[in-house]
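For reference, the structure discussed in these notes is given below.
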Amino acid sequence: MGLLKAEALCKSYISGRRRIPVLRNLHLEVRSGEVVCIIGPSGAGKSTLLRLLAGLDRPDEGWVTLNGRPVQSGTPELAVMFQNPLLLPWLNVRDNVKFGLRFLPGCNAAIAQERVAMALRQVGLLALADRPVTVLSGGEAQRVALARALVRQPRFLLLDEPFSNLDVPTRQELNQLIRRLALTEGVGVVLVTHDLEEALHLGDRLLLLSPQTGNFIREYHPRDCVHSLARHRLQEELTAALWALRAREPMSSSQNP
């Protein structure tokens, strides 16, 4: 069983002469095969948390580990996907996906070719392998970005609202793929999302991040909602909680640097 763990995370940013706290003493554990959805109002620190988990940013205090080892940028067992696909326009679909294998140890040309084909097949784009990414639709471009993450065969997948701009059928199809990866291949998933329906459909756990505390204030378990009425009530409760957080002032205890 893999374990992605954040302990006592603190992160703040400097704005002018003020230090603005974002995360405070945050703890998180995500296990293999588990889908954890992070929800909260804009500015709560969701994307900041994801970047810390990926090793793309460093915390002011605390640490992130994967199976007990510190996480660094480029850790092979982790893959990240953002809202913007961030494709390289001078490369075709196949080479954009192959780019995800850079710096991966022990990945020779034959292994790379096999992995790229498998990832493209997973997202339904194998037939478009030679197509320039500049002519892709938005949904196709995001599929390429997902294939680039999957080609690493990660044990944990970190997703920052990657499907928010897609049409409903494409979004549902990719959500099903994410759920299948968790269930059948044991991939752990951390998903940042504003879409409560998506969170309820995908999440084993939903964690509500508060901009006032810089920490999680509630945990929900949508799998416990067997009947549609219970799920509807949970969605109403989540909606009310988000509105309540939006109505409050952000964390006011800032310090001079």
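The values are calculated or read from the model by the stated rules, or taken from the named source; none is laboratory data. Predicted, not measured: the structure shown is a model, and the values here were computed from it. Note: ideal-geometry Cβ built from the backbone for every residue, glycine included; neighbour counts use all protein chains shown. To get the accessible areas, we keep the full protein, side chains included, count just its heavy atoms, and leave off ligands, DNA and RNA. Shrake-Rupley method; radii C 1.70, N 1.55, O 1.52, S 1.80 Å.
Just need a number here: residues in the stretch 31-54 that are assigned to a loop (DSSP other than H, G, I, E, B), touching a strand residue (DSSP E or B) at 6+ places or on another chain (Cβ under 7 Å) and either surrounded by fewer than 16 Cβ atoms within 10 Å (Cβ to Cβ) or not polar (S, T, N, Q) (or both). Going through the stretch 31-54 one residue at a time, the tally reaches 5. Contact annotation: residue pairs with Cβ atoms under 6 Å, 6 or more positions apart or on different chains, pairing a residue in the stretch 98-126 that is farther than 21 Å from residue 179 by Cβ with a partner that is modelled with pLDDT under 90 and part of a loop (DSSP other than H, G, I, E, B), are 101/107; 103/74; 104/76. In the condition set (1) of a type in the set (S, T, N, Q); (2) outside any loop (DSSP other than H, G, I, E, B); (3) free of Cβ contacts under 8 Å to residues at least 12 places away in the same chain, residue 65 is compliant with all but (3). Restricting the first member to the stretch 1-18 and to residues that are without any contact (Cβ under 8 Å) to a residue 60 or more places away in the chain and within 19 Å of residue 52 (Cβ to Cβ), and the second to residues that are open to solvent by 70 Å² or more (accessible area, probe 1.4 Å) and not charged (D, E, K, R), the beta-carbon pairs closer than 6 Å and six or more apart or on different chains are 7/27; 7/63; 8/25.
Inspection of the stretch 133-151 finds a residue satisfying the criterion of being hydrophobic (A, V, I, L, M, F, W, C), in contact with an Asp or Glu (Cβ under 9 Å, 6 or more places away or on another chain) and farther than 30 Å from residue 24 by Cβ. Contact annotation: residue pairs with Cβ atoms under 8 Å, 6 or more positions apart or on different chains, pairing a residue in the stretch 185-209 that is closer than 25 Å to residue 10 by Cβ and in contact (Cβ under 8 Å) with a residue 40 or more places away in the chain with a partner that is of a type in the set (Asp, Glu) and surrounded by fewer than 20 Cβ atoms within 10 Å (Cβ to Cβ), are 192/161; 193/161; 194/161; 205/219; 206/219; 207/219; 208/219. In the stretch 111-161, the residue that is nearest to residue 89 (Cα to Cα) out of those that are part of a helix (DSSP H, G or I) and open to solvent by 70 Å² or more (accessible area, probe 1.4 Å) is 134.
Take the conditions open to solvent by less than 80 Å² (accessible area, probe 1.4 Å) and within 19 Å of residue 28 (Cβ to Cβ) and apply them to residue 177. Does it pass? When the stated conditions are applied, residue 177 does not pass them. The set of residues from the stretch 180-199 being in a loop (DSSP other than H, G, I, E, B) and open to solvent by less than 40 Å² (accessible area, probe 1.4 Å) comprises 186, 187, 193.
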